[in-house]
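Trainee: Sharing a structure here in C-alpha cells format.
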Amino acid sequence: MPAVFHAPRRRVRFAIVFALAVCLLFAASPDAARAADHKFALAMFHFNIQYVAGGLRGFLPLGLDNVIPSWEMTEAEVEDMIIVESFEPVLDLYLDHPGWGVDLELQSYFIEVLAERHPGILAKLIDLVESGQASVVSFHYSDQLFIGYPRRAWETSAERTAQVFADAGVALSPTVFCQEGQAGVGMAEAMSDFGYDLMVWPKNLWIYQHGDFASEPYYDFGGLDLIVGAQGVNWTDGDDTLEMTWTFLGDGELLATCDFDPYFPPVFKENAACIAEYVDQLTALEADGWDIARADEYVAQAKDLGIAPAEMPDLLDGTWQPDSTNGPFRWLGGGGLWRMDERDNHVRTLCEIAFRELLAAEVAADEAGIDAEDEIGESWRLLNLGMVTDATGINPYKGEIGYGVAHCGEVARRARTVIERAKIETGITTARIDTAAGEMAQADFPPDYDETTAPAVEVTIDTKRREAVSRWSLVSSTPEIYQLEIEFDDDVGREVSVTFEGTATDLVFTPALSTGGPLTYDRTAFVFNEWPMPLADGFLNLGDDWYVVKDMGLTHVAAFINTDNGNARFEDDTATPGSAFTWRFFLIHGTQDEAVAFATGLNVSPTLYR
C-alpha cells in the first residue's frame with residue numbers, strides 16, 4: 001500500500017478556513033479581484049426613422065428611376081427597410097448577449113411605426129428594456145431642429161413623446177442624446193422640467209469650441225449630470241480607477257449594414273460579418289474586464305466612488321460635426337451635396353410662420369369657444385415632423401426639402417382655417433391675436449412704419465450677383481427700434497449675406513429651450529474664429545446698447561459671431577434661384593430687457609393681425 005500522508009490538524013484547519021474565506025469572498029463579490037478597477041464600455045446607437053424624410057421617390061436622376069425601379073421607395077417602405085435591415089439586427093445582437101447593456105436613441109415617431117407595423121420587433125425592444133439591458137433614449141417626437149425654434153415647438157414634441165412611449169409600454173429613458181448631436185446649455189432646464197437627468201454631449205462640439213481636453217468622469221449640467229459622448233475617461237484616485245470608453249456613438253443604421261445608409265437601398269442590407277466583428281470587439285472587452293453597460297450605469301458607478309461632478313466651460317448651441325458642417329450653419333443656410341435643390345431659409349421661415357399661426361389658432365379657438373382640439377393637436381404633430389433636421393441638412397435631396405415645405409405649409413393652412421372659424425363665431429372681422437396674453441379682439445390693422453434714415457450701425461449687404469434694395473423704418477422712438485427690410489431681386493445667385501458691425505467683446509444670447517433669459521459669455525473664451533448661432537428667439541447683442549433681432553418669419557439663417565470683433569453676419573448659400581425674396585431685421589438701441597422683450601414678442605409669443 002502506498003503511504004498515507006496526514007497533515008498536522010492545525011494546518012488542515014487553517015487550510016479549510018482559508019479556502020472557505022476565499023469562496024465566501026468571491027461568492028459575495030464576483031468582481032472582488034478587481035474591486036478597485038472599474039471599466040465601462042458604452043454605446044449610443046442613434047436611429048432615425050426620418051433618415052430619408054418622405055421616402056426615396058425622385059431621389060434618382062430622371063431616367064434612372066425606370067432602370068432601377070426598386071430605388072423608388074415610398075416613405076413607409078424606407079421606414080420599414082430601416083427597421084428590418086438595421087434596427088432589428090442590433091436588438092438581436094443584444095438579445096443574444098443578455099449581459100450587455102446599451103443606449104438606443106430614436107424619436108418617438110419611430111416607436112409609433114413599430115407599434116403600427118412591426119409589433120414583433122417592438123416586443124423585442126420591450127424585452128431588452130424590461131431586462132435592464134437597454135435604455136431607450138428619446139427627446140422628441142420628430143427629429144426636429146429644436147435648437148432653431150422657440151421652446152414651445154419642442155414642448156409639444158416632448159409631451160407627445162411621453163404619451164407615445166406610455167401607449168406602447170416602453171419605459172422612456174431619463175438619458176438624452178439628440179438628432180445630429182444637437183446640444184445646448186438651455187437643455188438642462190428643459191430636461192429637468194420633463195424628467196430627464198443625464199445629458200450626453202458630443203465631444204467634437206466641445207472640442208471645436210474649446211480645443212482638445214481630457215474628459216472628467218462626469219459634469220454638473222445645471223444640477224443634472226453630463227458625460228461627453230465619444231470621449232473616453234481614465235480616472236485614478238489612490239487604489240481606485242474608473243475607465244470609460246465608447247464602442248459606438250453615431251448613426252445606428254450603419255453598424256449592421258457595413259456603413260451603408262438608407263439612401264442606397266440595393267446595398268443597405270443586414271451584413272452578418274459586420275455585426276460579428278462588433279460582437280467580437282465587445283467580447284474581447286468583456287474578457288478583459290470591461291462592463292458592457294448603459295450610460296446611466298457608468299455615472300452611478302462614478303458617484304458610488306465618491307467622484308464629484310466637474311464644472312463645465314461655457315458652451316454654445318450646436319451640433320455633433322461642426323468641423324465638417326460648420327456647426328448649425330449646415331441646417332440654417334449652408335449647402336450640402338445637392339445644394340442646387342436646397343432651400344434652407346425657405347423651409348425654416350415657413351416652419352416659423354406655421355408655428356406663429358398655430359399659436360394664434362390656439363388662442364382664437366379658445367376665445368371663440370370652438371372645438372378645434374383634435375385639429376390643433378394634429379397640426380402640432382405635423383409641425384414637429386416638418387421641422388425635421390433633414391429638410392435642410394446635412395445633405396437633403398429635393399424630396400426631403402419638399403417634406404419640410406409640405407408639412408409646415410399644411411400646418412399654416414390648417415391654423416388659418418381655425419382662425420377664420422373663430423372670427424366667424426365671434427363676429428370679428430379683423431382680429432388682433434395676442435398669443436402671450438391669450439387674447440383675441442376686434443382691431444384695425446396697424447399702420448405701416450414711417451420710413452427713416454439708417455441708424456448709426458454699419459450694415460454691409462453682400463449678394464454676389466443679386467441686386468438688393470434696403471428700406472429703413474422707425475418702429476419706436478423710446479426705445480429706439482428700427483426695421484430693416486432688404487428686397488433681393490430674382491437673379492439666380494444663391495449666396496447672400498448681411499453683416500451688422502458690432503463693438504461687443506461679450507456675447508449675449510438666449511440658449512435654445514431656455515426660459516430663463518439670455519446668457520452673457522466672453523467671446524474671447526473660445527478657440528474658434530467664428531461660430532454660427534441658431535438664435536432660437538432671433539436675438540443677439542452688437543455692443544454699445546445696440547441689439548439685432550432677425551424676423552424668423554422672413555429670415556431664419558445662422559448668425560456668425562466672431563471672437564475678434566462684435567460683428568454679426570447672417571448668411572444663406574441656398575437662396576432660391578430665379579425668385580425674389582425679402583429679409584427683415586430689427587435694430588434696437590436700448591436696454592437688454594427691452595431688446596429681449598421685442599424678440600420674444602416677434603418670434604416666440606407674437607401678436608398677429610388676421
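Trainee: Once Lys and Arg get +1 and Asp and Glu get -1 on their Cβ, which of 577, 595, 493 lies farthest toward the positive end of the dipole of segment 471-610?
Mentor: The residue sitting most towards the positive pole is 595.
Trainee: Let me ask another. With the Cα gyration tensor of segment 298-440 in hand, convert its eigenvalues to equivalent ellipsoid semi-axes via √(5λ) and list them largest first in whole Å. Intermediate values should be presented prior to the final figure.
Mentor: Values: eigenvalues 277, 122, 33 Å².
Equivalent ellipsoid of segment 298-440: 37, 25, 13 Å, largest first.
Trainee: Quick check for you: with a 1.4 Å probe and neighbouring chains kept, what is the accessible area per residue of the chain, in Å²? Could the numbers behind the result be given before it?
Mentor: Numbers: 24720 Å² over 610 residues.
I get 41 Å² per residue for the chain.
Trainee: How much of the accessible area of segment 327-464, in percent, comes from carbon and sulfur atoms when a 1.4 Å probe is used?
Mentor: Details: 2820 of 5950 Å².
Its accessible area is 47 percent carbon and sulfur atoms.
Trainee: Just to be sure I understand: of the beta bridges DSSP finds with both ends in the chain, what percent are antiparallel, rounded to 5?
Mentor: Working: 65 of 92 bridges.
Taking every DSSP beta bridge within the chain, about 70 percent pair in antiparallel fashion.
Trainee: If you don't mind, there's one more thing I want to ask. Of all the accessible heavy-atom surface of segment 143-234, with the other protein chains kept in place and a 1.4 Å probe, what percent is carbon and sulfur?
Mentor: Working: 1170 of 2680 Å².
Accessible surface attributable to carbon and sulfur in segment 143-234 totals 44 percent.
Trainee: Strictly over 30 Å apart at the Cα level, which of 39/203; 39/269; 269/303; 203/464 would you flag in this model?
Mentor: Numbers: 39/203 20 Å; 39/269 33 Å; 269/303 41 Å; 203/464 36 Å.
Over 30 Å Cα-Cα: 39/269; 269/303; 203/464.
Trainee: Let me ask another. For segment 215-330, rounded, prolate or oblate, judged on the Cα gyration tensor with a ≥ b ≥ c (square roots of eigenvalues), a/c < 1.5 rounded, else prolate if a/b > b/c? It would help to have the intermediate numbers written out before the result.
Mentor: Details: a/c = 3.12, a/b = 1.32, b/c = 2.37.
Cα axes put segment 215-330 in the oblate bin.
Trainee: Oh, and also: So what does the Cα-only Debye profile of segment 394-461 read at q = 0.23, 0.25 Å⁻¹, as log10 I(q)/I(0), no solvent term?
Mentor: Cα-only, vacuum Debye calculation for segment 394-461: -0.97, -1.08.
Trainee: Ordering 270, 79, 72 by accessible area with a probe of 1.4 Å, largest first, what comes out? Working shown, then result.
Mentor: Values: 270 100, 79 5, 72 45 Å².
Final ranking, largest accessible area leading: 270, 72, 79.
Trainee: Okay, next question. May I ask you to give the average projected area over all directions of the convex hull of the Cα atoms of segment 464-556, in nm² rounded to one decimal? Intermediate values should be presented prior to the final figure.
Mentor: Numbers: hull surface 31.5 nm².
Result: a mean projected hull area of 7.9 nm².
Trainee: Hand me the GluC sites (Glu not before Pro) from segment 419-512 located in a DSSP loop with no more than 16 other Cβ atoms within 10 Å, in residue order please.
Mentor: Details: sites: 420, 425, 439, 451, 458, 467, 480, 485, 487, 495, 501; in loops: 458, 467, 495, 501.
Of the GluC sites (Glu not before Pro), the ones in loops of segment 419-512 whose Cβ has at most 16 other Cβ atoms within 10 Å are 458, 467, 495, 501.
Trainee: Tell me which aspartates and glutamates have Cα within less than 12 Å of residue 124's Cα, excluding those fewer than 8 residues away on the same chain?
Mentor: 88, 92, 96
Trainee: Where in the chain are the helices, taken as whole DSSP H runs, whose Cα atoms extend 27 angstrom or more along the long axis and whose Kyte-Doolittle mean reaches at least 0.0?
Mentor: On the way: long enough: 9-28 (28 Å, 1.52); 344-368 (36 Å, 0.12); 398-426 (42 Å, -0.40).
Correct list, ordered by number: 9-28, 344-368.
The values are calculated or read from the model by the stated rules, or taken from the named source; none is laboratory data. Note that this is a predicted model, so its numbers are computed, not measured. Glycine also receives a Cβ, built like all others from the backbone with ideal geometry; neighbour counts cover every protein chain displayed. The accessibility values were calculated without ligands, DNA or RNA, using every heavy atom of the protein model including side chains. Shrake-Rupley method; radii C 1.70, N 1.55, O 1.52, S 1.80 Å.
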